[in-house]
Amino acid sequence: MMRSPEVRLFQAYWDDGTLDLLAGGAVVLMGVGYMLELFLAEVIVLPLALAVWAVLRKWLVEPRAGYVEFSRRRRERTRHELLATVAVGAGVLVLFLALVVLVRGGTAVLGAYVDALPALLLALLAAVTGMLTRAWRFAVYAGVLAVAGAGTVVAGTGPGLALVVGGLIVWGVGMVLLVRFLAASRRFEASE
Amino acid sequence: MAPPVVPEVDGFLHEPARLRVLAFLAMVDAADFMYLLRQTGLSRGNLSVQMGRMEEHGLVRASKREVDGRLRTTFALTEDGLTALRGYKETMHRILAAIPD
């Protein structure tokens, strides 16, 4: 199905790769945090990445891509979707813990799956980001992180490695997109 | 007198560069010059001339405001611009409908 021009314009807004780069880098750092047992990193890395992304967007992307304010309808829709998905995400987490701890009973079952939980939650976050930005590659990242999370349960490597591997893939795609964006900007400036 | 079967097109809006810019501005609340330059593929000189002419016609409005400590000029479609664009769309629908398959 052909997407509307407004949706394609909104999607293109996220195609510079900075969000992927920062999100991927944050996931790698979270993985390293797990490996080195620096659990403070899990808490601060994502908000920090978001703040750095806003700065990077302003100083690197906007001077080249320009500035746009999307329609109020689009902004309100994004806000509503964000609130809804945060609620759904929290519900899924509570449900997951309830099922594991209460229904299937016992910490042994929780122990088997708990290593996958960080990657699965980040996969959920990636899926939400994909929905909010309409950049569907984030749905692919969600799949990568989910598979990496499942891999930790099978391989018993702990959550850190899954995050490092998944994060590196996201970071790599972000780097490719950013290099392409900067090259396209250079070509555009040269043609002016 | 009955209205013409094939309506007359607004010649000012029908110009490809202007129509392209107006269509972009109809999708967003506001955009700066660089964004329109990148999205429309027009040359800097052409876009500058077209923005000036559309502003004179009251179709777009330029606003200067400070965002993050920097003075930013953004362009937005005016109410008259939106009305004119909708009228143009309706006219084109009627003209295209007159063309047999």
- Grab the Cα-Cα distance for B:GLU79 and B:ASP29, subtract it from 0.36 nm times how many residues apart they are, and report the gain in nm with one decimal. 16.8 nm
- Task: Please report, in whole Å, how far the alpha carbons of the protein assembly as shown spread along each principal axis, starting with the longest.
- Result: 86, 43, 35
- Item | Relative contact order (%) - criterion: Cα under 8 Å, at least six apart; region: chain A | 39
- Value at 222 nm in deg cm²/dmol, rounded to 500, when DSSP H runs of n ≥ 4 in chain A each add -39,500 (n - 2.57): -26500 deg cm²/dmol
- Task: Give me the distance in nm between label points sitting 7 Å out from Cα along the Cα-to-Cβ direction at A:PHE188 and A:LEU132, one decimal.
- Result: 2.4
- Neighbour-limited loop hits for GluC sites (Glu not before Pro), region B:1-92 (at most 14 other Cβ within 10 Å; DSSP other than H, G, I, E, B): B:GLU8
- What are the chymotrypsin sites (Phe, Trp or Tyr not before Pro) within region A:18-88 that DSSP puts in a loop, where the Cβ has at most 14 other Cβ atoms within 10 Å? A:PHE39
- Query: Other chains' Cβ within 10 Å of B:19-30 residues: what's the mean?
  - Reply: 3
- Message: Once R0 is set to 51 Å, what does the formula 1/(1 + (r/R0)^6) return for the Cβ-Cβ distance between A:VAL94 and A:GLN11, expressed as a FRET efficiency to the nearest 0.05?
- Response: 0.95
- Message: I'd like the mean, over residues of A:59-66, of how many other protein chain beta carbons sit within 10 Å of each residue's own Cβ.
- Response: 3
- Task: Kindly give the semi-axes, whole Å and largest first, of the ellipsoid equivalent to region A:131-192, taking each as the square root of 5 times a Cα gyration tensor eigenvalue.
- Result: 33, 13, 6
- How far is it, in nm, from the label point at A:ALA54 to the one at B:VAL6 when both lie 7 Å from their Cα along the line to the Cβ? 5.5
- Task: Count the net charge of all other residues whose Cβ sits under 14 Å from the Cβ of B:ASP29, scoring Lys and Arg as +1 and Asp and Glu as -1.
- Result: +3
- Item | Cα convex hull of chain B, projected area averaged across orientations, nm² | 8.2
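The numbers here are math on the coordinates, done by the rules we state, and not lab data. Nothing here was measured: the structure is a model prediction, and the numbers come from that model. All Cβ positions, glycine included, derive from the backbone under ideal geometry; neighbour counts span all protein chains shown.
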